[in-house]
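The values are calculated or read from the model by the stated rules, or taken from the named source; none is laboratory data. These numbers come from a predicted model, not from an experiment. Note that each Cβ is placed from the backbone with ideal geometry, even for glycine, and that neighbours are counted across all protein chains shown. Please note that ligands, DNA and RNA were not included when accessible areas were found on the heavy atoms of the full protein model with its side chains. Shrake-Rupley method; radii C 1.70, N 1.55, O 1.52, S 1.80 Å.
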Amino acid sequence: MKICVVGSGYVGLVTGACLADSGNQVICVDNDKDKIRQLSNGSVPIHEPGLTELVQQNLKRGRLHFTCDLKEAVNRSLICFIAVGTPSAPDGSADLSAVMAVAEQIAKYMPDYRIIATKSTVPVGTCRRLQSLIASITHIQFDYVSNPEFLKEGAAVEDFQSPDRIIVGTDNPAVREIFRQLYSPFMRRNNRILFMDPLSAEMTKYAANAMLATRISFMNEIATLCEAVGADVELVRQGVGSDHRIGGSFLFPGVGFGGSCFPKDLRALVHTGRQHGLDMLIASAVQQVNQMQHHRFSQKVIDYFAGRAGATVAVWGLTFKAKTDDIRESPAIYCIRRFMQAGLLVRAYDPAGIDATRMELDDQVCIVSDGYEALDGADALVVLTDWQEFRNPDLEMVSKRLKKRVIFDGRNLYDPLIMRKAGFEYYCVGRPAVTQPGGQVK
Ligand code: NAD
């Protein structure tokens, strides 16, 4: 099939590369000239496991192309995917200006029948707005499909190629068949393609993200209560998650969720509710608990250093989660800002988020290229992202390079008993802390 994907970010680029890899002719479009230049040379500007290889192979085989020329891309494609960003507007709604602008241009450029499909996360009802916008610009026939994307950053290629499900929102049976064929290479073991109307497809994406975020906030709230009563949330998590009706995913307590999806999608869901006279009580509480979680964890560190302005903390982890370079709404960036406001100095390290953080924080933080180097002269280590390489550090080296053996673990990566034996003061989330070096786990 001939396809164009407009927006070559985390979603658009993965979609384009995976669809090219399954034999389609794909043109990825972006209005960022520099990005298109890099991608045309096989250089992938984002950190996503397996993506560079996929882009390079498909460029070489001539199935994947990159351009800023939307007109040419629309001309050559039957299906035009829209995968541009939908960030939060100041009132919490999803800012649809990029989606609308792209839809308008597609409508202007399409020479004959096209299928226009949104991969971007757009609030329920956007399908109607887009359809009437396109119909107001062109008399040429088109079909509109809501095809929300569920991939996770850090495992995006794998998720796209082995999806839990594909949601296709269209009322036209002929378009269903085209999408069934398009996604059939990824459905070889089970058919996991769900067809529905576009409104339900749009709603499904928000409901899924809100449900996942709810599980995290719920467990974080339980963790806070565990701290108050002296229970261990890691044992509780295992006990709860082993109920097959509940399952173990998205129950990890920590410093709270971030990223480019959950926070903004919750805001948009609450806003959509408000537009319909509904208070989205659960979604609002999930946001509130999450903000409190960021605050509470950073406050633990700030309180520990009260009266010691100028103390230095080493931070491990800047991205909102492991295996990505994405720092959008990262709890780590939030915590670092608070540390600096409280007069603490920060030395930070991350395996993939250094460049983005330098841009975000304008070089206010000392960022180093090695985790152990971050510890030199620091009064404590604060772990904020669950990167694999942080899970089993050389504790002797950590002891030697830190000024004092103190660890604040915002991801519960370590065992308090091991920390106690190694002589650390150890503070984590919802579990007994080791408050005295070599002392009891309390
Ligand atoms: P992104 O910011 O990484 O990428 C968006 C791209 O669109 C950028 O490269 C930007 O330059 C380009 N762009 C913006 N306006 C354009 C225009 N007018 N013409 C051409 N290109 C334009 O965003 P993303 O993370 O890929 O997210 C895209 C959408 O997918 C959002 O709605 C998001 O909510 C949704 N989504 C994201 C994820 C995720 O994990 N990132 C997962 C599922 C769904």
What does the net charge come to around Glu360 if you take all other residues with beta carbon closer than 14 Å to its beta carbon, with K and R at +1 and D and E at -1? -4
Can you tell me which of 71-77, 376-382 comes out highest on packing, and rank the rest after it, using the mean Cβ neighbours within 10 Å? 376-382, 71-77
Can you work out the Karplus-derived ³J(HN,Hα) for every residue in segment 338-349? Use 6.51 cos²θ - 1.76 cosθ + 1.60 with θ = phi - 60°, whole Hz, and x for glycine or proline. 5, 4, 5, 4, 7, x, 7, 9, 10, 10, 10, 9
Over the chain, the sum of -39500 (n - 2.57) across DSSP H runs of at least four, divided by residue number and rounded to 500 deg cm²/dmol, gives at 222 nm -13500 deg cm²/dmol
What ranking of Asp197, Asp143 comes out by heavy-atom accessible area, probe 1.4 Å, highest first? Asp197, Asp143
Out of Ala107, Cys18, Thr67, whose Cα points farthest toward the positive end of the dipole of the chain (charges: +1 Lys, Arg; -1 Asp, Glu; placed on Cβ)? Cys18
What residues qualify as long-range amide H neighbours of Asp409, i.e. H under 5 Å apart, gap of 5 or more or another chain, H built at 1.01 Å from N? Val383, Tyr427, Cys428
How high is the relative contact order of segment 288-441, in percent, counting Cα pairs under 8 Å that sit 6 or more residues apart? 20
Compute from the Cα atoms of segment 288-441 the Rg and the Dmax, the latter being the longest Cα-Cα distance, and quote both in angstrom. 14.2, 42
Set of aspartates and glutamates with alpha-carbon distance to Lys421 below 15 Å, sequence-local pairs under 8 removed: Asp394, Glu396
Please work out whether the chain counts as rounded, prolate or oblate from its C-alpha gyration tensor, where a ≥ b ≥ c are the square roots of the eigenvalues and a/c under 1.5 means rounded, while otherwise a/b larger than b/c means prolate and anything else oblate? prolate
In the structure shown, do any of Lys60/Lys108; Lys152/Lys300; Lys35/Lys60; Lys300/Lys404; Lys300/Lys321; Lys2/Lys60 have a Cα-Cα gap over 25 Å, and if so which? Lys60/Lys108; Lys152/Lys300
Accessible-area composition of the chain, carbon plus sulfur, in percent [1.4 Å probe]: 51
Under the Karplus relation with 6.51, -1.76 and 1.60 and θ = phi - 60°, whole-Hz ³J(HN,Hα) for segment 366-372, x at Gly and Pro, equal 7, 10, 10, 9, 8, x, 6
Over segment 122-194, what per residue volume does the convex hull of the Cα atoms give, in whole Å³? 112
Which trypsin sites (Lys or Arg not before Pro) in segment 103-201 sit in a loop by DSSP (not H, G, I, E or B) and have at most 10 other Cβ atoms within 10 Å of their own Cβ? Arg188, Arg189
Vicinal HN-Hα couplings computed from phi for segment 180-187 (Karplus, 6.51 cos²θ - 1.76 cosθ + 1.60; Hz; Gly/Pro x): 4, 5, 4, 8, 4, x, 9, 10
